[in-house]
Amino acid sequence: MHVTNLDDSGPGSLRDAISQPNRTVVFDVGGVIKISSRLVFKSHQTIAGQTAPGGGITIYGNGTSFSGASNTVVRFIRFRMGIGGDSGKDTVTMANGHDVIWDHCSLSWGRDGTLDLNEESGAELYNLTLQDSIVAQGLQPHSTGGLVNTAGTSIIRSLYIDNNSRNPKARGTLQFINNVVYNWVVSGYILGDTSGRSDGLLLGNYFITGPETRGGTLDSPTPAYNLHADGNYYDSDKDGTLDGRLLGKGDFGSVTWLDAPSVDFPAVPAMTAQEAYAHVSAHAGASIHRDDADRYVLDELASLGKRGATIRDESSLGFAGGVGPLPGGRAPSDADQDGIPDAWEIARALDPADADDRNGDRDGDGYTNLEEYLSSLVP
Ligand SMILES: [Ca+2]
Ligand SMILES: [Ca+2]
Ligand SMILES: [Ca+2]
Ligand SMILES: [Ca+2]
């Protein structure tokens, strides 16, 4: 499905493209898609934001739901809810389903959670990954990164920044690896805060205080939180230099401390916390094109304690139109509309007049020709 305009609904819109399952969605336009009601994603979708020309895609004005959207991949999309969104709702929410990846996404301005992955009663929610992404500026008065309460989630190489609390609120089974948490106010990472069992793995994260941070770096631990942690750092002096200390067992309070993970978590390539800081600063979010909002929070992070603030309303940031401008750009020609531009097809002996070859596998490696094209766009 080609998204051919920035309309809220109707033919050629993103809302129309995602209205049915079993679709790969590519973008012939770049810019801000202003939504008046929530967007609801379906199962078996690939949302290839990296195909958008110009400044890429920002979804602005309300929240989105991935409940039930199993087997879905989302790459290089900015989800910016904002004060005009529905009260009590999340920027990105998912309450049931499995096997979803958000890669190089930028999530901000939630009115409830900014990323809430919260298993609803009687449902299953598992095999979720947020990677190389940003979760920023949950709107006050309920400014949160979000609640992650699932049977299996990985949060990797991502930035939580300018959220009053819940960076995230971790329940259930969660591995949290090589992330940076910056300028929380009352709570950084919440270690369960419940009598129900949780299993956590924290490796190589960097917790960096900002101007508003009052404490609560590792908040509300309970013995029901089964934790293995290693290589996590804490920089609390707000001096503009990354020079934190290693967090030790005593910093995690009354968790049940384990010398090995309590769950067979998937393997993740290892970085140190210092390497994670550098990687996240350079690559987290929709990094092909930095928009005003991502540049703003990454500049705050780079101040290492000197700048950073939670907000109540994104208009206080002063971006044109609330979210800032994005260049539109121009998509390459795709005569057969199979999602692969003519030039890329010709260079690989595919047929620019045959749409069926998108689902072929010219090199027999298990990835379709369309998937290979989509991956080729990712730096
Ligand atoms: Ca420092
Ligand atoms: Ca084509
Ligand atoms: Ca073709
Ligand atoms: Ca292939």
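The table that follows gives values for the structure above.
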quantity	calculated
Centre separation in Å (Cα based) which lies between region 323-379 and region 81-134	29
Mean Cα-pair separation over length for the chain, i.e. relative contact order, pairs under 8 Å, 6 or more apart, %	13
Diffusion coefficient, µm² s⁻¹, Stokes-Einstein with Kirkwood Rh over alpha-carbon pairs of region 206-283 at 25 °C and 0.890 mPa s	172
Stokes-Einstein translational diffusion, region 22-322 - Kirkwood Rh over all Cα pairs, 0.692 mPa s, 37 °C, in µm²/s	175
Cα gyration tensor shape of region 83-146, rounded if a/c is under 1.5, else prolate or oblate by comparing a/b with b/c	oblate
For region 310-379, the spread of Cα positions along each principal axis, largest first, Å	51, 25, 19
Anisotropy class of region 1-145 from Cα gyration tensor, a/c 1.5 cut	oblate
Convex hull (Cα only) mean projected area of region 137-254, reported in nm² to one decimal	6.6
Rounded, prolate or oblate (a/c below 1.5 giving rounded, otherwise prolate when a/b exceeds b/c) for region 180-248 by Cα gyration tensor	oblate
Of all accessible heavy-atom area on the chain, the percent that carbon and sulfur account for (1.4 Å)	48
Principal axis box of region 202-350, alpha-carbon based, largest edge first, Å	61, 42, 28
Nearest 10 degrees, 0 to 90: helix 273-283 Cα axis against the chain principal axis	30
Among 223, 11, 266: highest mean-square fluctuation, GNM of the chain, C-alpha pairs under 10 Å	266
Ranked packing of 321-328, 117-124, most packed first, by mean Cβ within 10 Å	321-328, 117-124
Gap separating the Cα centres of region 17-54 and region 191-270, nearest whole Å	35
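The values are calculated or read from the model by the stated rules, or taken from the named source; none is laboratory data. What you see is a predicted model; the values in this text were computed from it and never measured. Reconstructed Cβ throughout: ideal geometry from the backbone, glycine too, with neighbour counts over all protein chains shown. All accessible areas refer to the heavy atoms of the entire protein, side chains included, with ligands and DNA or RNA removed. Shrake-Rupley method; radii C 1.70, N 1.55, O 1.52, S 1.80 Å.
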